[in-house]
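Here is the structure we will look at, set down as structure tokens.
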Amino acid sequence: MAEIPPILSIKGLSKRFGHVRVLEDVSLDVHVGELLLLLGPNGAGKTTLTRILTTLTRAGRGTFLFRGESVTEKNRGALRREIGYISHQTFLYAHLTAAENLSFYGRLYGVHELDVRIGTMLERVGLAGVADRQVGTFSRGMQQRLSLARVLLTDPSILILDEPYTGLDPEGSRTLTKLLAGLKTESRAVLMITHDLEDCLEVADRIAVLHKGRIALDTPAEGLTLESARRQYFQATTGERVS
Amino acid sequence: MRYFRVVALVFGKDFKDELRRKENMASSFLFALLSLVLFAFALDPTRVDLNQTGSGLLWLIILFAGSLFMGASFRKETENGTLFALLLSPCDRSAIYVGKFLVNLVFLVILEVLLLAMAFVLLNFRFQDSVIRLAVVWLAVTIGYAALGTLFAALIAQVRGGQVIYPILLFPILIPLFIAAATLTQDALSTGFSWSNQWLRLVGLFDILFFTASVFLFEYAVEE
């Protein structure tokens, strides 16, 4: 994985809000074809890091590279086109139907052959039968799957998932994990931000831990069991060794 | 060309959404109707010349009812985080503003037409000037109101308790516009006014200044 140049790269990134230091000297690479799991306790700076990576907040200090080029005012639009972002919020309009939601976002991004693509995406997430139903009538799991269809519609090369499992029942979590595992095989990078190792360890390639605004751990996920991953996480966030 | 496609897209999506959710429109229309009925009962037409004082009352109703509707235009985008998704899209952000502005403008025009029609019945308005002149004045005032109302709605969208501070921030800036609106309407209902009227020029200036400023400032209003 190391030979492939990162699609997203941040080096020595810092961010302060007033006197509060939120991120300090954060360096992280995200490669195409890998799923990077970013873990961290509440207040670790995950949301701020996400907002910087999605260009919604400007970094205070450090470099932020996209495909090897520095992210500036000029190429922020190009980066936004390449990013697909899913969070615990669905980003869907409850009073529009599933198809209308996808159509709106597809047109906003200038997606070609939109109707065909909408049909394919709804099929892929198992919602083709409810395309004309208003999203407000969907269960949480259905909304999250439609949210995934929304971002895949634009075929992003970077997928950022911020706590996507929040509010999902075990069945919904399993379905989402299956869908996420399918995304890794395509030529895109996936960055998943979560508290919950259990649901996503099986699909992760690398694990990074953000703690008090710093990267406290960055390690390959290969060979890690749930228990050993938890141990490493605990050690990174508390500094204590667990036998 | 893509810019106007995004404007049309945001306008179409918002319009459809408003028609289906109904709550913002219904509360504003209901508030306006109730206010007008209350004024009609409270004011004795034998002691007060409603043709003189009624225009001010009408604009007062439009100010409050309009702010009820416009204040929600960006706040509703935070319900499921759709504002975040809009800002993340690769389009010119000012196109989002213009789309929202147009929805608010259309809504206000519908509200005003209904309100004015009811005012002729309930407040016994008598018409002295040309309808076109009155329509131009009302449209010009509404453009300024919608321009500023939409920008401030974006400003408070991500602020906790934003709906409370929305009128506090917005109304003081609107004072000159609404004084002009009430004066011009009053003139239209009595003696009439000329196209070179200074209040009319003030409204024109207000529109150009605040619409242009809002288009440029929107990006900063929605950024953290």
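The values are calculated or read from the model by the stated rules, or taken from the named source; none is laboratory data. Just so it is clear, the structure is predicted and the values come from calculations on it, not from any experiment. Cβ coordinates were reconstructed from backbone atoms using ideal geometry, including for glycine residues, and neighbour counts include every protein chain displayed. Side chains included, ligands, DNA and RNA excluded: accessible areas come from the protein's heavy atoms. Shrake-Rupley method; radii C 1.70, N 1.55, O 1.52, S 1.80 Å.
With loop defined by DSSP as not H, G, I, E or B, and exposure as at most 12 other Cβ atoms within 10 Å, which is the longest segment of chain A clear of exposed trypsin sites (Lys or Arg not before Pro)?
Values: sites that count: A:K74, A:R241.
Between the exposed loop sites, the longest stretch runs A:75-240.
On the Cα set of the range A:88-157, report Rg and Dmax in Å, please.
Here Rg and the maximum Cα pair distance are 10.7, 31 Å.
Taking R0 as 25 Å, what FRET efficiency do you get between B:F120 and B:L38 from their Cβ-Cβ distance, rounded to the nearest 0.05?
On the way: r = 17 Å, r/R0 = 0.69.
For R0 = 25 Å, the calculated efficiency reads 0.90.
If you roll a 1.4 angstrom probe over the protein chains with everything in place, what fraction of the accessible area of chain A belongs to carbon and sulfur, to the nearest %?
Values: 5430 of 10880 Å².
Answer for chain A: carbon and sulfur cover 50 percent of the accessible area.
Please report how far the C-alpha centroid of the range A:47-84 lies from that of the range B:167-191, rounded to the nearest whole angstrom.
Value for the Cα centre distance between the two parts: 45 Å.
If packing is taken as the average count of other Cβ atoms within 10 Å, what order do B:79-86, A:88-95 fall into, highest mean first? It would help to have the intermediate numbers written out before the result.
Numbers: B:79-86: 20.0, A:88-95: 21.8.
Going by the mean number of other Cβ atoms within 10 Å, highest first, we get A:88-95, B:79-86.
Looking only at other chains, what is the average number of their beta-carbon atoms within 10 angstrom of each beta-carbon in A:83-91? Could the numbers behind the result be given before it?
Values: counts 3, 1, 4, 1, 3, 1, 8, 5, 9.
Mean partner shielding for this stretch: 4.
For the range A:203-243 and the range A:1-44, what is the separation of their C-alpha centers, rounded to whole Å?
15 Å
Using all Cα-Cα distances in chain A, what percent lands in each 10 angstrom bin from 0 up to the longest?
Computed distribution, short to long bins: 7, 31, 35, 21, 5, 0.
Non-local amide H neighbours of A:A216 (under 5 Å, H modeled in plane, Pro and chain starts lacking H): which ones?
A:V209, A:L210, A:H211
In degrees, nearest 10, range 0 to 90: what is the angle between the Cα axis of helix B:23-42 and the longest Cα principal axis of chain B?
20 degrees
Show that you can apply the helix-only estimate: for the protein assembly as shown, add -39,500 (n - 2.57) for every DSSP H stretch of four or more residues, divide by all residues, and state [θ] at 222 nm to the nearest 500.
Numbers: 17 runs with 264 residues, N = 467.
After summing the helix terms and dividing by the residues of the protein assembly as shown, the value is -18500 deg cm²/dmol.
Can you give the local net charge around A:G62? Use residues other than it whose beta-carbon is closer than 14 angstrom to its beta-carbon, Lys and Arg +1, Asp and Glu -1.
Values: positive: A:K11, A:K15, A:R16, A:R21, A:R58, A:R61, A:R214; negative: A:E24, A:D25, A:D29.
Combined, the nearby Lys, Arg, Asp and Glu give +4.
Give a residue-ordered list of calculated ³J(HN,Hα) values for the range B:142-159 (Karplus: 6.51 cos²θ - 1.76 cosθ + 1.60, θ = phi - 60°; whole Hz; x for Gly, Pro).
Values per residue, Gly and Pro as x: 5, 4, x, 5, 5, 4, 6, x, 6, 5, 5, 5, 5, 4, 8, 4, 9, 9 Hz.
Tell me the volume per residue, in Å³, of the convex hull enclosing the alpha carbons of the protein assembly as shown.
Values: hull volume 79.1 nm³, N = 467.
Enclosed volume per residue, from the Cα hull, is 169 Å³.
Could you estimate the translational diffusion coefficient of the range A:142-237 from the Stokes-Einstein equation, with Rh from the Kirkwood formula over C-alpha pairs, at 37 °C and 0.692 mPa s, in whole µm²/s?
Values: Rh = 14.3 Å.
The calculation lands on 229 µm²/s.
Ignoring any ligand, DNA or RNA, what whole percent of the accessible area of the range B:2-221 comes from carbon and sulfur when the probe is 1.4 angstrom? Could you put the intermediate results ahead of the total?
Details: 6920 of 9710 Å².
So the carbon and sulfur contribution to the accessible surface is 71 percent.
Sorted by accessible area with a 1.4 angstrom probe, largest first, how do B:I110, A:I193, B:I208 fall? If you can, show how the numbers build up before the last one.
Numbers: B:I110 75, A:I193 0, B:I208 120 Å².
Order by accessible area, largest first: B:I208, B:I110, A:I193.
Between their Cα atoms, which of A:K74/B:K22; A:K178/B:K16; A:K46/A:K184; A:K11/A:K74; A:K212/B:K13 are more than 32 Å away from each other?
Working: A:K74/B:K22 40 Å; A:K178/B:K16 34 Å; A:K46/A:K184 22 Å; A:K11/A:K74 20 Å; A:K212/B:K13 41 Å.
A:K74/B:K22; A:K178/B:K16; A:K212/B:K13, as the Cα separations exceed 32 Å there.
Write down Rg/Rh for the range B:2-221, rounded to two decimals, with Rg from the C-alpha atoms and Rh from the Kirkwood relation over Cα pairs. Walk me through the numbers before you get to the answer.
On the way: Rg = 17.8 Å, Rh = 18.1 Å.
Dividing the radius of gyration by the Kirkwood radius yields 0.99.
Tell me, how many Å apart are the Cα centres for the range B:10-87 and for the range A:139-189?
39 Å
Against the longest alpha carbon principal axis of chain A, how many degrees, from 0 to 90 and to the nearest 10, is the axis of helix A:114-124 turned?
That helix lies at roughly 70 degrees to the long axis.
Helix B:162-189 sits at what angle to the longest principal axis of chain B, using alpha carbons and giving 0 to 90 degrees rounded to 10?
40 degrees
Could you do me a favour and compute the accessible area per residue for chain A, 1.4 Å probe, result in Å²? Show your work: numbers first, answer last.
On the way: 10880 Å² over 243 residues.
Result: 45 Å² per residue.
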